[in-house]
Every structure is written in C-alpha cells, then in structure tokens.
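Comments concern the structure below.
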Amino acid sequence: MKKLIEVRFHGRGGQGVVTAARLLAEACLLENKYSLSFPEFGPERSGAPVRAYVRISDEPIDTRSLVYDPEIIIAIDPKIASSVEILAGLDDEGIVVINSKNASDALLKALSSKPRAKLFYVDARGIALSLGDARFENSAILGATAKATGIVSLGSLESVLRTRFKGTVLENNLKAMQLGYDKVGQA
Amino acid sequence: MSLLQPKTLKPMSTSEAIAYAVKQANVDVIAAYPITPQTIIVERLSEYVNNGELDAEYVAVESEHSAMSACVAASLTGARVFTSTASQGLALMHEVLYVASGLRCPIVMAIANRALSAPINIHCDHSDVMGSRDAGWVHIFVENAQQAYDRIFQAFRLAEDNDILLPVGVNLDGFFLSHAVEGVATISDSEAALFLPPRKAKYYIDSSMPMTFGAFALPDWYFEIKYQVVEAMEKVPKKLAEVEEAYYKMTGRMYGHVGAYRTEDADVCLICAGSAAATAKFSVARMREKGIKAGLLSIRLFRPFPVESILPHVKDAKALIVMDRAMSPGAPSAPIGQDIKTMLYDAGLNIPVANFVYGLGGRDISAAEFESITTKVIEDLKAGRPIERGVKYWGVRI
Amino acid sequence: MMSVSEIKSIKELYGLDLIAPGHRACAGCGALVGVRQILLASKRPLIVVNATSCLEVTSTPYPQTMWKVPWVHLLFENAAAAASGIEAALKVLSRKYGRQEHYIIAFGGDGGTFDIGIQALSGALERGHRFLYVCYDNEAYMNTGIQRSGATPLGAATTTSPVGARIVGKQQQKKDLMEIVVAHKIPYAATASPSHWKDLVNKVRKAQSYDGPSFIHLIATCTRGWYFDPSESIKVARLAVETRYWPLYEVENGRYRITNPVPNPKPLEEFLKVQRRLSHLLLPENADLLEKLKAYVNERWERLNKLSTCFA
Amino acid sequence: MAEVEKIILPGGIIDRPGSTLDYKTGTWRVKKPVVDLNKCTGCLLCWIYCPEPAIRKRDDGKIEFDYDYCKGCGICSVECPTKAIKMEEE
C-alpha cells in the first residue's frame, strides 16, 4: 500500500455521498490506518453534484487541501458515472468504481491513455431498488469498492454500519453492501 | 509525542470533537446562534443538553450579539460558559467581545473561521478573527480535530485561572476542519473532571456580595482598568505552558505556542496558521526529500503573539514567507505579516519577509502551491535577487 | 389571577432602599424616583441589570456605586440578553451546585428598549426567562442630549426633531411598546407612573410572582429633556396619568385591566403646557399636530377601555 | 487625576455597595427644603417621591432631610399634602 491514498467521491446532494466517504474513513480507522474524510460544500441543496474526499495513510495525515490526484474515484450517482469529468486527476495506476450496469464506451476510451488504471462497475442502483430503497445505493457501492480496491475489508465496513443503523435499515444496508461486493465487475 | 493507534481513535469531525470536549468540560451555560460552518457544534451541544447528557442551560438566543451578551452575564454570574460562532456572527458580536475581556470573563468560544461579506461566502478564511484581534481575547489556532478537542480543555483551564480571566477563542478553519472527520483520541470523563474541576469564580454576581459590574469609568480610571487586560495577556504564554504541561502529563499530547517543523536549519521558513499549516507541513516534508531547505512555523497561539516562542525558530533563516488568510486593505502588511515584521524590527533583525494573502473565501491551497511559493523565494535568494516585500495576493486573477 | 399580598402603606416600604444617595442623576429625576420605588417593592434577593442609559451612567461613577444590590451593565442594547444569561446561569448553578436563585430586574431606557434593544428584549421574552424588564421611558435619548426616539410623542421637540420653520418637532406618533410586548404572550405586562406609587409597587410584586418574563413600562419625567422645573417632576407624571396621556393598565395573562380609571380626564393641554418640549403644540399654527396627538391619546384610551371591559 | 491608591478589582468591579455616599451631592443645591414639624404628619409621601433618597424618618415619625445629599429639587415641597415643606435660599 502506498503511503497516502486519496479517494474522491462523486454524487448528488441527498445520496449520502458525504456519509459514504465518512463510512469508508471510519472503516479504515478500525483497520488501524489513519484516515480523514471531508466534503466539498457549496450552497447546493438536494440534487446538486457533490464531492467528498477520503485520505488514508499508515501515518498521521497532515495535508488538508482538497484532493487533486486521487488514487481512487468513486461515482455514486449513475448519471455522473458516465461522464468523463469524474476522471480528472486520476492516478496512472488509479481505480475507478462507478454505479452502472456496465462501463460506458466514453469512459473506456478516456481511460485508454492510462493502461494501468482499472475501471469497475456495479449496478448499485439496481441492488438498492431490489431492496426497496434507492438510499441503499452507497452501501452497495462501498461493498464494491472494498472488493475492487482492497483498501478496506468488507468486515470493517460492516462494523461501521452496525454503529450507525439498526433493525431492517441495518439489515438492508448490510445486504446491499454484500451484493455490491459480490456483483462488482471489471471493465 | 506518543502516537496512538488509529483503531483506538474515535471518528469525529472537528466540530463534533469540540462539542464532545465541551460536554466533558461540564459547561454550565451555552448561549449560541447557529451559523455555517459552526452549526454542527451547537447542534451537538443541544442534543447533549436535551438528552440529559450534559447538565447545562442552552440559551437559544436570537442573535450573536445576544449570544455573547448572555455569555458575558452568565460568566459574571460564575458559570462556565461556552459559545461558538463564525464570520458575520463574530462581526455582530464585535462590540460585546470587548465587554467580555474588559469585564474579565473566562468564556471559551469556538470560531469556525469563515470569510466576511460582501460578497457573501460561507467558506474558510481568517477575516473574521483578524477583525477582532484587538478585542482582548486570547486566540488559539488549531490544525486538526485532535488539537481542537485538546485545546478546549486547555482553554477553559487557562481562561478561568484567576491570574488570567480572559476569554479564549479557539479558531478552527471552516469546512477544512469543521466538517473534516478523522480519528480523535479522547480523555475519559473522570480525567476531564480532574483536569477541569467546576469553575470557582472569585468574584461573581450574587446578593451575598452585592458588587457592581460594568461601572462607568471616566478618563481618570478607564485607562487603568483597561490596562488589566494587557497585564493578564502578558501572563498568558507562561500560564498556557503550565496548562499544557499538566495536560501533557495526562495525555502525552502537547502543542506549544507554535508548531515548528524543520526550522533548525531552514533557509526559508514558512509561517502560517490553521489548517493550511498542516498542509504546509506536508509540503515542507516533500521539499526536504528534494533537498530544499524549507521549514515551517505554525502560529498556534496568536494572541498574545508569542514572540519569545517564534524568534528562536526564525532568527537564522535567510527569508521568511508569511502566509495570511485575511486581508488588511491599505495596510503595509497583512495581519500576521504585521506581527512578524514588528517582532523582527524589535529584535533588531532585518530578515526579508515575503507576505502572501492566500485562500480567501475558501479557495484551497495545495502542498504543491506551498512548494512553488517557497521555491521561488529560495531561487531569488540563490540568485542574489531581493525578496519582494509588501503584500502579494497568491493566485488572485487580475 | 395570582393572589399577591398587596402593599397598602408607605410604611411597609420604609427602610427597604436598595440605592444610596450621592448618585449623579439630575435634581428631580423622575426615573430615579420610579426606579427607587420599584426596588423598594422588589422581592429579594435581587440582581439588577442595566442597559447603558442615564440611570447606568449616573449611578456608577467608578469607583463608586449607588447600588446596594448586585448590579451589572454590559451595553446599550443587550440588557434583556444579559438578564437571560444571568437567569440561565443561576438556574443551572443552583441545580448543580446549590447556588441561591435570585429575582432579576433589568432596567432600560426608551432608547435601549423601544429602539436599539428591542431585538434582545423580544428574544428574551420569547424564550421565557424569569425576569422583570422595566423600560423607564423619558421619551427621548436623554443620556446623549435629548435626541428623538421611537418613544418620543408626536410633535415633541428634541435635538434631532427640533421645531423648525418647515417641520415642527417629531413627525411620527409614539410606538406602542406595550402592544409589542403583549404580543409575546408573556404572563404580565403593565404601565406605571411614580406619581401613583401604590399602583406601581403592587405591579412590581405581581410581576415578580410569575414564573416567566414580565414587563413594566414606566413613565420617567425628565426635567432636562421635557423642560419643566425639577420640583414638578412628580406633578408632571401625575398630569400624564390624569390627562389619559399615560394610561395605567396591566395585561395579566392576556387580560387587559385599567388599574387607574380616569373618568374625568383633564384636557391634554394641561400636560402639554407645563413642558417646553410640547408646549408649542398649543400655538394656533400647530393645531393639526395637537389634534393628531389628542386623537392618538383618545383612541388608545378607548381601545384599552374596551379591552378592559371585555375581560372584566 | 485620582491616585491609584486602591487595588483595582478584575474588570473594575466595585465592591463597596452604596459607595456614592462618598460624594456629597448636597453641594449641588441652590435652595434647601425646610420642614415645618408642626405640619408634618409623617405620611412619608415626600420620602417615597425623593429621587436621592435624602429624607429620613425621625424617631417621632416625622421627617428630616439629609442635607449632605439633598440636591434641592423641591419635589417634596410640591408633593407634601400639608404644605409642610418650604424651599429656602441656602
């Protein structure tokens, strides 16, 4: 693992983008890695594009600037997932995880200049809707991220979910996460 | 400083860490008005109070002016008092800030530093606190959630010391810190109670000793009464060091008046405050890997300005780069630049100072930018070119 | 309605002074008379909060104070907020550490209450802190040299509403502060005059019997700003009541009651002619102003009378 | 300028309640009130209307003035129901 891993989340207000970033960071803490998560906020309300960031390191994290060259990019919003802009600054060996049934040609084309970069896709929306609520999307994509990137284990993510949710909401989030983990595919 | 295992840390935003510390500090009165980006702090505190986790009165005032007014009055009544604000809120409090220090109220206030209108902007810069820097408050800047958490306890103990009795502002960068989540090492409630027992005010509003607070002082007395703030301020650096020592014994964590990193042999020393100091540290580490002899001095205690703590770290540098996240339009230097240059003049040092205003209204500054600023100054030094003096505005499109 | 033991004789109050002489208020200051009476009647232990005002300035010339009770002044516009802070502090400190609870009275002038301090007052009333706010109303900014306020009556001459060749005195009617206060649905609000001391002291007792905010609007005659002989300070206050210019009433849990009926009012002119700030209203060329002021006084009285009757 | 002869408490707190007694406002007076004890009924209306207060009840229930503090406003002489108080030149 590199000394400092930087992650950028893309999504829309109301999708739990900031929460997803926080859950990832909290799960990393459980694995005895330092982490930092923070949102990029504007005056936007529900529906507007939102970005959030996570830094993960084996050492205490100093830098507080925004993330410019992420190793990992995660697109929670299916609409944003197909746009090439989400790839801005991606590390040459970076990993992209998108919420989509498949990888779009545009993305594949854009990534062709980075042969060592990897693109993963998971139908997080489909998984969430199958469980009855689109809000389970980000758990599904976090599960996919665990599998695709290996930066965190599914178990740690599950532990964090257990501190946050209860009852059927927890159960469905756990299911979504597992399904995301199982169903993620590489383009 | 001992490093804790990440898995032992609690994930908290800086705002949550502050609220948690305030709860553990067992405050009596919180009077606050919500304003972005400090809102999370008062929301958490309201939850603590309404859930019965903190036995305090939460006064949901109708403005920041009333927030600070109620805080001052509660503090004079002998209560341990906390509030929090940002930006316009601090500006609206402005006149009451002077009352808080003038009446020697040991209030602790978290300030989630944010730009001032106009144009309206909710993001980070230090314009708010810089506009209030002469109000007689102790001001501390933090660089992460851990410092914020720890400083709350230290701030109360410092403020409530009978030799000090000054209000303390704990400054955290809006969003960059207020909304950033990281692992924080916490102390237990019993440790908190031991470090910070209930406030014992010597003088307070009570019929058992009917005193007059806030009398009208004419020219024959005003100056002497106001001078008390200066005397108390002068005692702060030593007292804070004592408070930190006690806190260190308990936690193993200590921050000092300044944070110095690789200053001992630095040709050029960066000076800044807040979250950017953390980014600058990262940048200096990278520069050192490349053989660039840069250093960093972060201002942690800003008022009183800790001249004695700063000088040893910068006196041998060939140039200083002072990074200010606030403007002082029309002034020969930006706020921290003014203090640094005054300090150098008084010490008889003629070290060139490059003063940059950066990051207004939340504009980010990256490690790469710190590197490019520093590299330019080092190149100028090597080439024998004079360091450009006066204030420059980093990254502004003109 | 609360049953509160009524003060019937001055002798019950003698010896209860909470202020000392030697203060620097003008000879014949109506505010000091009213404030003194309020303190005589007040329940104890008491804490006094003071907005910046004549009262504050003249009572605490450092290193002296006229106050025999704990007293605090912070600023001009924040007396109600300061009172909120003290009330909250005592509440929690008594709960946690057994500190004694106190009654709290906040004094503000009309500037500090009608105008610059109305936000803080509104906030404190809405939050329901237990304290008595007293607005001593001398109907202009007397502390800074007699400038108009929201409390200045129509036509009155002040240094910022002078009687000019084109514009004669203040052009607006007095703000109805009581109605603003009553709109907060606090348990008790009343008007008072030091001339009617018994009415006043019993209103103080009543106000303090409620577990919530209460309000007293006190007329404070001002020898300097109203231009009358200091010896007539109480007489002028009494004329204000007797002409129905200053109706004495209370609003207790929303129920209006005129506490001092004035069945045969003296003409308003009796009140106006003894004060140089208003006496020009009696000149023929200012007849329209006089009519408007009379109409204001009459309409208010009629309204209060109706409200009083419907709750009787 | 006053000498700094006493310790200034934090924030300029005044710890001597009622200390305006140090300052004799009686020197402000132009006319002084004089009571005719034959007419005084001891009703204390003068006392309740005194802004200072500079009126005391005597042992016999009638009143007397504290000329150290009486500013000579004359309210008492106007308000006295028996006209027992006259204002006289100093």
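The values are calculated or read from the model by the stated rules, or taken from the named source; none is laboratory data. Quick caveat, the model's predicted, so the values are computed rather than measured. Heads up, the Cβs are rebuilt from the backbone with ideal geometry, glycines too, and the neighbour counts pull from every protein chain shown. Just the protein is used for accessible areas: all its heavy atoms, side chains included, with ligands, DNA and RNA removed. Shrake-Rupley method; radii C 1.70, N 1.55, O 1.52, S 1.80 Å.
Listing for the model above:
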item	result
Condition met for D:C80 (at the interface with chain C (Cβ under 10 Å from one of its Cβ atoms), within 19 Å of C:D229 (Cα to Cα) and buried (at least 22 other Cβ atoms within 10 Å of the Cβ))	no
Some residue of the stretch A:134-147 being open to solvent by 10 Å² or more (accessible area, probe 1.4 Å) and in a loop (DSSP other than H, G, I, E, B)	no
Positions within the stretch A:96-106 being crowded, with 20+ Cβ neighbours inside 10 Å and in a loop (DSSP other than H, G, I, E, B), in sequence order	A:S100
Helices (runs of 4 or more DSSP H) within the stretch C:221-312 that include 3 or more residues among the acidic types (D, E)	C:287-311
Any hit, the stretch C:23-36, residues being within 14 Å of chain D (Cβ to nearest Cβ), closer than 17 Å to C:V204 by Cα and over 17 Å from the mean Cα position of the chain (by Cα)	no
Flag if D:G26 is facing chain C (nearest Cβ under 10 Å) and surrounded by fewer than 14 Cβ atoms within 10 Å (Cβ to Cβ)	no
Some residue of the stretch D:54-65 being under 30 Å from B:I164 (Cα atoms) and open to solvent by 50 Å² or more (accessible area, probe 1.4 Å)	no
Some residue of the stretch A:26-47 being away from chain B (no Cβ under 11 Å), on the phi > 0 side of the Ramachandran plot and under 15 Å from the mean Cα position of the chain (by Cα)	no
The stretch B:99-124 - residue that is part of a loop (DSSP other than H, G, I, E, B), more than 23 Å from B:N26 (Cα to Cα) and open to solvent by less than 10 Å² (accessible area, probe 1.4 Å) and, of those, nearest to the other protein chains (Cβ to nearest Cβ)	B:C124
B:V322 under 24 Å from B:S127 (Cα atoms), hydrophobic (A, V, I, L, M, F, W, C) and open to solvent by 10 Å² or more (accessible area, probe 1.4 Å)	no
Strands (runs of 3 or more DSSP E) contained in chain D and holding at least 2 residues within 26 Å of B:S207 (Cα to Cα)	D:55-57
Selected residue [closer than 30 Å to B:L381 by Cβ and not small (G, A, S)] from B:Y203, B:Y261	B:Y261
Lone unmet requirement of (1) part of a helix (DSSP H, G or I); (2) under 30 Å from B:R199 (Cα atoms); (3) open to solvent by 10 Å² or more (accessible area, probe 1.4 Å); (4) more than 7 Å from every other protein chain (Cβ to nearest Cβ) for C:L121	(3)
Subset of the stretch C:45-86 (residues that are surrounded by fewer than 24 Cβ atoms within 10 Å (Cβ to Cβ), more than 7 Å from every other protein chain (Cβ to nearest Cβ) and either of a type in the set (S, T, Y) or assigned to a helix (DSSP H, G or I) (or both))	C:T58
The stretch C:87-108, subset out of contact with any strand residue (DSSP E or B) (no Cβ under 6 Å at 6 or more places or on another chain) and surrounded by 24 or more Cβ atoms within 10 Å (Cβ to Cβ), residue nearest to C:V134 (Cα to Cα)	C:L90
Residue within the stretch B:332-351 that is within 14 Å of another protein chain (Cβ to nearest Cβ) and not hydroxyl-bearing (S, T, Y) present	no
Selection count, the stretch C:29-44, where residues are in contact with a Lys or Arg (Cβ under 8 Å, 6 or more places away or on another chain) and either surrounded by 23 or more Cβ atoms within 10 Å (Cβ to Cβ) or part of a loop (DSSP other than H, G, I, E, B) (or both)	1
Which numbered condition A:G167 misses (of (1) loosely packed, with under 13 Cβ neighbours inside 10 Å; (2) in contact with an Asp or Glu (Cβ under 8 Å, 6 or more places away or on another chain))	(2)
All positions within the stretch A:51-79 that are open to solvent by 20 Å² or more (accessible area, probe 1.4 Å), of a type outside the set (D, E) and out of contact with any Phe, Trp or Tyr (no Cβ under 8 Å at 6 or more places or on another chain)	A:Y68, A:P78, A:K79
Unique residue being closer than 20 Å to C:L200 by Cβ, in contact with an Asp or Glu (Cβ under 8 Å, 6 or more places away or on another chain) and touching a residue at least 12 places away in the same chain (Cβ under 8 Å) when the list is C:L18, C:L40, C:L46, C:L13	C:L40
Any hit, the stretch C:16-24, residues being on the phi < 0 side of the Ramachandran plot, in a helix (DSSP H, G or I) and at pLDDT 95 or above	no
Top-ranked residue of the stretch B:170-214 - restricted to ones that are outside any loop (DSSP other than H, G, I, E, B) and facing chain C (nearest Cβ under 10 Å), ranked as nearest to B:F153 (Cα to Cα)	B:F213
Unmet requirement for A:K109, which otherwise passes all of (1) open to solvent by 50 Å² or more (accessible area, probe 1.4 Å); (2) at pLDDT 95 or above	(2)
Number of the condition not met by C:V262 [criteria: (1) open to solvent by less than 20 Å² (accessible area, probe 1.4 Å); (2) farther than 21 Å from C:G111 by Cβ; (3) touching a residue at least 40 places away in the same chain (Cβ under 8 Å); (4) in contact with a Pro (Cβ under 9 Å, 6 or more places away or on another chain)]	(3)
Residues located in the stretch C:295-308, provided they are hydroxyl-bearing (S, T, Y) and open to solvent by 90 Å² or more (accessible area, probe 1.4 Å)	none
Which listed residue, of D:D66, D:D59, D:D36, is among the charged types (D, E, K, R), within 11 Å of another protein chain (Cβ to nearest Cβ) and over 21 Å from C:K235 (Cα atoms)	D:D66
Residue that is surrounded by the fewest Cβ atoms within 10 Å (Cβ to Cβ), among those in the stretch B:126-169 that are within 14 Å of chain A (Cβ to nearest Cβ) and in a loop (DSSP other than H, G, I, E, B)	B:N144
